[in-house]
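Right, one structure below, let's go through it.
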Amino acid sequence: VIPPNNVLQFLALHENLIKKQLPGELHNLSALTHLDLSNNQLRGTIPNGLSKMTKLTYLFLAKNDFDAGIIPASLGNLASLEELSLKD
């Protein structure tokens, strides 16, 4: 469970061997501009809730075990997004 937080702007948890699904409540971190969860072992689908993170400018999810070929169309709603990394 991720409680609401409108202060945290930068979260980098890359290379931590996280082996879970991304929590749906990740969008509760509403002030995030930079989210790096690359190079873990995250699995399942990328949650649609990420599209609610309207301040996000950098989203790095590369090198994980997400379901192949499933990229939520809602990520297109991230108007502030400058860089998106989903490379396998």
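The values are calculated or read from the model by the stated rules, or taken from the named source; none is laboratory data. Small disclaimer: the values here were computed from a predicted structure and weren't measured. Areas reflect the complete protein model, heavy atoms only, side chains present, ligands, DNA and RNA absent. Shrake-Rupley method; radii C 1.70, N 1.55, O 1.52, S 1.80 Å.
One table, with the values for the structure above:
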quantity	calculated
Count - residues of region 63-79 that are open to solvent by less than 50 Å² (accessible area, probe 1.4 Å) and over 20 Å from residue 42 (Cα atoms)	1
One residue from 38, 51 being modelled with pLDDT of 90 or more, assigned to a helix (DSSP H, G or I), at negative phi and among the polar types (S, T, N, Q)	51
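One line per residue, one yes/no per condition, for (1) small (Gly, Ala, Ser); (2) outside any loop (DSSP other than H, G, I, E, B); (3) modelled with pLDDT under 90; (4) open to solvent by less than 20 Å² (accessible area, probe 1.4 Å):
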| site | (1), (2), (3), (4) |
| --- | --- |
| 11 | no, yes, no, no |
| 15 | no, no, no, no |
| 25 | no, yes, yes, no |
| 59 | no, yes, no, yes |
| 81 | no, no, no, no |
